[in-house]
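*Asks:* Sending over a structure as structure tokens; questions will come in a sec.
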Amino acid sequence: MRRLLLLSIGLLSVAPVFGQKFSKRAQQRQEARKANYFYGASFTFTAGYSHSWLSVSDYTLSTTKFGRSAETKNTHNSWNMGFLYDHALSKKWGIQSGLSFVEKGGELDTYYDGGLGYGPVLVEETGLKASYLSLQGMARYFFPVNYYTRFSINAGFHIDVAVSTDDYFNKWDIGPQVGVGFDWKHLATSVTWQIGAFPNVIDNSDSRLSSIHVNVGVRIWKE
């Protein structure tokens, strides 16, 4: 009974201290939100236009008769959609992560040279595409304009895992990404350049897959 009494007295004496700390933090968060509309966390639905391309790469296809070669090149136009989680740590700095569905691709041109002096002749054009789930993570540096408006410079990484793909593509890719953003109230827009770090087309090609994404999003939740 005595121990229980001492424990109760101890809890009663400590509780006001923790209460003051929690109330102080809540007050700080409230003051930060008053000074910066974007302070804290937000969740955004985003969709937009995607333009992807394969870096030019020539290589020889295996053949037993004369010369047969191929070239990967531009381009593929598509769309993307997904969700973003933003957390503004201050007026100047923030972090962002996201998951989106995107289609990327390019073109594979096959040539045939019969060795008669006419040079290679285009015999086939093959459109290449792959659908990916793209996981993104970025650091953001903000340029506040006013309470409801800001610009940003963004930099980070992306990891793409294929959900459906032509046989020419590898099943995953990873690489850096950079971009710019503009936020106004619940509206979020961005332009992002993604670079594939690894050779992405099978059959001894050193071609890499890059893309540019132009997106418009709406914040559907904000702390």
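*Asks:* For a quick check of your reading of the filter: which chymotrypsin sites (Phe, Trp or Tyr not before Pro) in region 128-170 sit in a DSSP loop and have no more than 12 other Cβ atoms within 10 Å? Show your work: numbers first, answer last.
*Replies:* On the way: sites: Tyr132, Tyr141, Phe142, Tyr147, Tyr148, Phe151, Phe157, Tyr168, Phe169; in loops: Tyr147, Tyr148, Tyr168.
Here the sparse-neighbourhood loop sites are Tyr147.
*Asks:* In region 77-201, how many lysine pairs have Cα atoms under 18 Å apart, counting only pairs 8 or more places apart or on different chains? Don't jump to the answer; show the numbers that get you there.
*Replies:* Values: Lys91/Lys185; Lys92/Lys185; Lys104/Lys129; Lys104/Lys171; Lys129/Lys171.
Pairs that pass both the separation and distance tests number 5.
*Asks:* Same structure, new question: Which trypsin sites (Lys or Arg not before Pro) in region 154-223 sit in a loop by DSSP (not H, G, I, E or B) and have at most 14 other Cβ atoms within 10 Å of their own Cβ?
*Replies:* Values: sites: Lys171, Lys185, Arg208, Arg219, Lys222; in loops: Lys171, Lys185, Arg208.
Passing sites in region 154-223 are Lys171, Lys185.
*Asks:* With label points built 7 Å along Cα→Cβ from the Cα atoms of Ala35 and Val161, find their separation and express it in nm.
*Replies:* 4.0 nm
*Asks:* Quickly work out the Lys24-to-Thr189 label distance, labels modelled 7 Å from Cα along the C-beta direction, and quote it in nm with one decimal.
*Replies:* 4.3 nm
Just so you know, all these numbers are worked out from the coordinates, no wet-lab data involved. This is a predicted model, so every value here is computed, not measured. Backbone-built Cβ (ideal geometry, glycine too); neighbour counts: all protein chains shown.
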